[in-house]
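J.: Submitted below is the structure of interest, expressed as structure tokens.
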Amino acid sequence: MKNTIPGIRTYLLILIGWFLTTGIVWAYEGETHKNLAGMDIYIGVIPAEVLQGRDIPMETKMHGGVPLGRNRYHLVVALFDSKTNARISHARITANIARLGSGGSTKILGRMKINDVVTFGNYFVLPVNTPYRIRMKLDVPGKEVTEALFQSNGIVR
């Protein structure tokens with residue numbers, strides 16, 4: 001018998017999808033979309049607290065598990081082909097998040113497939129009330145290796 005009551009996973013998917021389709025992210029105020037090298041690149045930053053303490057097997061184990069502590073966030077990246085609007089589901093993405101003037105933290109974004117929707121992501125510590133940048137290197141089969149830079153105004157809630 002199939003469970004028909006939506007669970008935490010369904011609500012999380014709706015939340016992430018809403019962020020990626022509306023361009024609104026409560027945790028990140030700054031740029032959320034770029035069009036580069038024939039790709040539309042959308043980002044979202046979600047507090048790790050959304051997943052802390054939940055018994056969601058796949059989501060709590062991705063990227064080594066939900067990190068504990070303050071200022072932990074999950075960076076989510078969705079890629080689309082600009083000409084066809086088709087989702088790009090295979091890429092190698094490396095992201096660096098840093099305060100302006102510092103080296104920051106660099107991580108590979110893991111491929112996440114949830115309900116047949118592919119995004120890429122990983123957890124980062126983000127500075128609070130400090131401007132920072134997200135620099136990504138995108139290696140997509142059939143496309144030129146591309147670098148994308150997103151800037152925040154420093155407001156993380």
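The values are calculated or read from the model by the stated rules, or taken from the named source; none is laboratory data. What you see is a predicted model, and the numbers here were worked out from it, not measured in a lab. Accessible surface is based on the protein model in full, side chains and every heavy atom, while ligands, DNA and RNA are left aside. Shrake-Rupley method; radii C 1.70, N 1.55, O 1.52, S 1.80 Å.
J.: What pairs from LYS34/LYS113; LYS107/LYS143; LYS83/LYS137; LYS113/LYS143; LYS83/LYS143 go past 19 Å between their alpha carbons?
T.: LYS34/LYS113; LYS107/LYS143; LYS83/LYS137; LYS113/LYS143
J.: Which percent of the accessible area of the range 84-136 is formed by carbon and sulfur heavy atoms (probe 1.4 angstrom)?
T.: Details: 1260 of 2660 Å².
Carbon-and-sulfur percentage of accessible area, whole number: 47.
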